1. Could you tell me how many of the residues in region 7-22 are open to solvent by less than 40 Å² (accessible area, probe 1.4 Å) and among the aliphatic types (A, V, I, L, M)?
2. If you scan region 38-65, which residues turn out to be of a type in the set (Gly, Ala, Ser) and farther than 19 Å from Tyr159 by Cβ?
3. Kindly establish whether Asp101 is buried (at least 16 other Cβ atoms within 10 Å of the Cβ) and modelled with pLDDT under 85.
4. Output the residue which, of all residues in region 258-280 that are open to solvent by less than 60 Å² (accessible area, probe 1.4 Å) and over 17 Å from Met222 (Cβ atoms), is modelled with the lowest pLDDT.
5. Just the residues that are free of Cβ contacts under 8 Å to residues at least 40 places away in the same chain, assigned to a helix (DSSP H, G or I) and open to solvent by less than 70 Å² (accessible area, probe 1.4 Å), please, taken from region 128-164.
6. Write out, first by first residue and then by second, each pair whose Cβ atoms fall under 9 Å of each other, whose residues are 6+ apart or on separate chains, and whose first residue, in region 57-68, is open to solvent by 30 Å² or more (accessible area, probe 1.4 Å) while the second is basic (Lys, Arg).
7. For region 235-257, which residues satisfy the criterion of being open to solvent by 30 Å² or more (accessible area, probe 1.4 Å) and either in a strand (DSSP E or B) or farther than 16 Å from Gln284 by Cβ (or both)?
8. Going through region 247-263 one residue at a time, which ones are of a type in the set (Gly, Ala, Ser) and within 13 Å of Tyr215 (Cβ to Cβ)?
Amino acid sequence: MAQKDARTIQAELAQPFAPEDLEWRLQRTFEARGQMSGIAVPFVTNRAIMNRLDAVVGPENWYNDFKPWHSAGKKEAQLCGIAIYFEERKEWITKWDGAEDSDVEPIKGGLSDSMKRAAVQWGIGRILYDMDVVFVDVEQRGKSWVIKKNQRAKMDKAYTDLLKALHLEAAPPGSVQSLLKDNSPEDAPQPVKTPTPTAIPSRDIPPEKTPEPAYAYMVTDMKIQKGISSTNTQVKIKNTEGREVIAFVQGEHPELKPGTLLSEVRLLTRQQDTVVYYILASYQLAEQPPQAA
């Protein structure tokens, strides 16, 4: 991919999405004159965000990182950082934002929402914050209310009217929609964008094809998470190039304390809906550094 300066990257990331590539969510409902109506808001999915980053900077030149964020007296939250490599500066720049855990599937919801907010820090989908209120007709489906299908044209027109008023042109349609309709199994491994091809493998690679130094990763942080029916160990590991990721290991692994060196590391990626996370499938304890006297 041709090198781009920061201004070009900023402009391309911020380019409005085509209306076909947006999804709409019913923000709230209300009753007026005996009929139920609603307010709809557009949003960009995480897959659309990934696709935009791939197209603008290349899949090898960006990655995301997640950190838990605890606040006394409030819900736990997740922080997401999206890092982009800028060739002209020879460095990675990361922008962060966060979101509280959601009421339904809390952690996954917090991860997903925090990534969307971090993307806005880079200008992706930021134009949607300028949308006026869009009132829509709704219908009841089970115990919930949903937007009527015949309201799509109305919502798209509200969005395109905004672009016209701001003298902006949308990206070509279809570049994201194919990803939004992906029919692959939810638990199938998905490619993960990493800073270098060897930083974190996106698939299993036979050991003979990936020669490692005396150690591949160092544990920088560890936390054991005990649930009602299972226990996991969450570790933050850093490779020899300084790239850190958070991974999960099933069960308790007290040996993975900070400072521990690991070799023969096998990292797998998993995706649940729009959230990508890492599994530390196997590892060996490498020769540990001598303790200072």
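1. 4
2. Ala55, Gly58, listed by residue number.
3. Taking the combined requirement at face value, the residue satisfies it.
4. In this case the residue turns out to be Thr274.
5. Those that are free of Cβ contacts under 8 Å to residues at least 40 places away in the same chain, assigned to a helix (DSSP H, G or I) and open to solvent by less than 70 Å² (accessible area, probe 1.4 Å): Ala158, Asp161, Leu162.
6. From residues that are open to solvent by 30 Å² or more (accessible area, probe 1.4 Å), the pairs are Pro59/Lys193; Glu60/Lys193; Asn61/Lys193; Tyr63/Lys193; Tyr63/Arg243; Lys67/Lys236; Pro68/Lys223.
7. Listed by number, the residues that qualify are Lys236, Lys238, Glu241, Gly242, Glu244, Phe248, Gln250, Glu252, Pro254.
8. The answer is Gly259, Ser263.
The values are calculated or read from the model by the stated rules, or taken from the named source; none is laboratory data. Since this is a predicted model, take the numbers as computed values, not measurements. Note: ideal-geometry Cβ built from the backbone for every residue, glycine included; neighbour counts use all protein chains shown. Side chains included, ligands, DNA and RNA excluded: accessible areas come from the protein's heavy atoms. Shrake-Rupley method; radii C 1.70, N 1.55, O 1.52, S 1.80 Å.
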